Amino acid sequence: MSSIKVTRRNIGKAIVVALERAGDIIRGATERLLAVAIALGISIALPGRSQANDTALDKMASDLEIRYALSALPPALRGKAAVYILDPAKGYALARTGSNGLACLVERTAWELADFRNDIYIPLCYDAAGTNAHFKVIMDVAELRAQGMSPMALKSEIEKRYADKTYGVPKRPGLSYMVSPIMRTIGPPDMEVHTMTMPHFMFYAPNVTNEDIGARPALANPESLLNPFIDRQGNDQQSYIIQLVGEAEKAKILATERTLINELCAYREILCLAHAKH
């Protein structure tokens, strides 16, 4: 019979393996319980990293949040657009009524990531068709997060609502405006969270792929992104044709919005453009 030498290293390896196996068992049980809860229409919040203090959303000053949201629109369209601001404890509330069919906010939760972060800032505005479709999803996500639903449960709930037709696609062609000088979310070249300048327009293209339009985007090659390409955000229904603005227009946006850029940087360091990645 061969003998096994007992060392600290071997014991350490054994502990790691045991913990990994235990973790797999717990995760499997958790996922099964979540599936049952979702099927029964029960919303539950699980303890864990997503509930930690460092994922709690901060409340921006109303004036700054309104101007930040409106920066997603070309200046000529801002005067008559509706604006919603976030109360992290409740969800979005109307801060300013509009009359041109456009609605704006700063999105703070990307449901498709199944992870709650406190450093997502996506200013965007939808036209009337998008406000009755994708915009409603953003509003509901914020409310469900405020109610304590866990990231995984929230993702499953949104997917269920798309599957049962609670949510649908815009009923006509249109677009979402995202020409703000700065946003913080996942992005190229590595699809990690970045603070970036990437003003663009998003045209509704449910169930359309890059192959359908002959697009060949390469995230590591900025030149390839200057042509239209498809961005799929969570599911096929939320697919968009992305058109970036040109370099001259981007430079003009940065110059025009310099005061807002400085105020956002003063408000929170991660929104400074010098911090391209964290």
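The values are calculated or read from the model by the stated rules, or taken from the named source; none is laboratory data. The model shown is predicted, which means the values in this text are computed figures rather than measured ones. Virtual Cβ from ideal backbone geometry, glycine too; neighbours counted across all protein chains shown. Accessible surface is based on the protein model in full, side chains and every heavy atom, while ligands, DNA and RNA are left aside. Shrake-Rupley method; radii C 1.70, N 1.55, O 1.52, S 1.80 Å.
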(message) Just want to confirm a number: the relative contact order over region 119-250, from Cα pairs under 8 angstrom separated by 6+ residues, in percent.
(response) 22
(message) Here is the link list: Lys136/Lys160; Lys136/Lys171; Lys59/Lys80; Lys90/Lys136. Which ones come out longer than 19 Å on Cα distance?
(response) Lys59/Lys80
(request) Taking H placed 1.01 Å from N in the peptide plane, check which residues at least 5 places from Gln233 or on another chain put their amide H under 5 Å from its amide H. (result) Gln238, Ser239, Tyr240
(message) What are the ³J(HN,Hα) couplings of region 111-127, residue after residue, when phi is run through the Karplus curve with 6.51, -1.76, 1.60 and θ = phi - 60°? Round to Hz, x for glycine and proline.
(response) 4, 5, 6, 6, 8, 9, 10, 10, 10, 9, 9, 10, x, 7, 9, 10, 7
(request) Mind giving me the FRET efficiency for Leu226 and Thr97? R0 is 35 Å, r the Cβ-Cβ distance, nearest 0.05 is fine. (result) 0.45
(request) Quantify, in whole percent, the carbon and sulfur part of the accessible surface of region 201-243 (1.4 Å probe; protein heavy atoms only). (result) 50
(message) Can you classify region 119-278 as rounded, prolate or oblate using the Cα gyration tensor, where a ≥ b ≥ c are the square roots of its eigenvalues, rounded means a/c under 1.5, and otherwise it's prolate if a/b beats b/c and oblate if not?
(response) oblate
(message) Need the C-alpha centroid separation for region 148-210 versus region 52-120, integer Å.
(response) 14
(message) Apply the Karplus curve 6.51 cos²θ - 1.76 cosθ + 1.60, θ = phi - 60°, to the phi angles in region 219-235 and return the couplings in whole Hz, x for Gly and Pro.
(response) 4, 7, 10, x, 4, 5, 8, 6, 8, x, 8, 9, 10, 9, 10, x, 7
(request) Pull up the cross-link candidates among the aspartates and glutamates for Lys155, meaning alpha carbon to alpha carbon under 18 Å and not fewer than 8 places away within one chain. (result) Glu31, Glu107, Glu112, Asp115, Asp140, Glu143, Asp164, Asp236
